[in-house]
1. Select from segment 39-64 the residues that are aliphatic (A, V, I, L, M), in a helix (DSSP H, G or I) and free of Cβ contacts under 8 Å to residues at least 24 places away in the same chain and list them in ascending order.
2. Going residue by residue through segment 46-62, is there one that turns out to be surrounded by fewer than 14 Cβ atoms within 10 Å (Cβ to Cβ) and among the small types (Gly, Ala, Ser)?
3. On the basis of being assigned to a helix (DSSP H, G or I) and under 19 Å from the mean Cα position of the chain (by Cα), does Gly67 make the cut?
4. Just one of the numbered conditions (1) in a helix (DSSP H, G or I); (2) free of Cβ contacts under 8 Å to residues at least 12 places away in the same chain is not true of Ala84; which one?
5. Take the residues in segment 22-45 that are of a type in the set (Lys, Arg) and over 24 Å from Gly67 (Cα atoms); name whichever of them is surrounded by the most Cβ atoms within 10 Å (Cβ to Cβ).
6. Quick check on segment 41-64. Is at least one of its residues farther than 21 Å from Ser83 by Cα and polar (S, T, N, Q)?
7. Just to be sure, is Thr36 hydroxyl-bearing (Ser, Thr, Tyr), without any contact (Cβ under 8 Å) to a residue 60 or more places away in the chain, within 21 Å of Pro5 (Cβ to Cβ) and in a helix (DSSP H, G or I)?
Amino acid sequence: MPVLPHIVLALYLLFLLAAGWRLWVVGWRGVVKLATAFLLVAPMPLLFILPGLMRRDAWSGLLVQLGITLLVCGMACLAGGFSAARLRARRRG
């Protein structure tokens, strides 16, 4: 089994965790933070979802499912970074 896709996925999710942590600290309004979070999460899953929706072959369903899974996991990691930063700030303050 190839190792490189696992490494890339782990780096992507760790990046989103760190981005969620940093977004919590930025003094923007909540709507801007949510829009930025969506724009950080969306590109990678869309690389799988869009080709799966544009072509109808044996692999298109798998591509869409993989993209949706990446989207959900990305949002969970970003939310994890938000909550970790919030808990740390509450513990310090």
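1. Leu39, Leu46, Leu47, Ile49, Leu50, Leu53, Met54, Leu62, Leu63, Val64
2. So far as segment 46-62 goes, yes, one or more of its residues are surrounded by fewer than 14 Cβ atoms within 10 Å (Cβ to Cβ) and among the small types (Gly, Ala, Ser).
3. Yes, satisfied.
4. Just one mismatch for Ala84, condition (2).
5. Out of the qualifying residues, it is Arg22.
6. Checked segment 41-64: at least one residue is farther than 21 Å from Ser83 by Cα and polar (S, T, N, Q).
7. For Thr36, the condition - hydroxyl-bearing (Ser, Thr, Tyr), without any contact (Cβ under 8 Å) to a residue 60 or more places away in the chain, within 21 Å of Pro5 (Cβ to Cβ) and in a helix (DSSP H, G or I) - is not met.
Rule-based calculations on the coordinates, nothing more; no lab input. Everything numeric in this text was worked out from a predicted model, so none of it was measured. Virtual Cβ from ideal backbone geometry, glycine too; neighbours counted across all protein chains shown.
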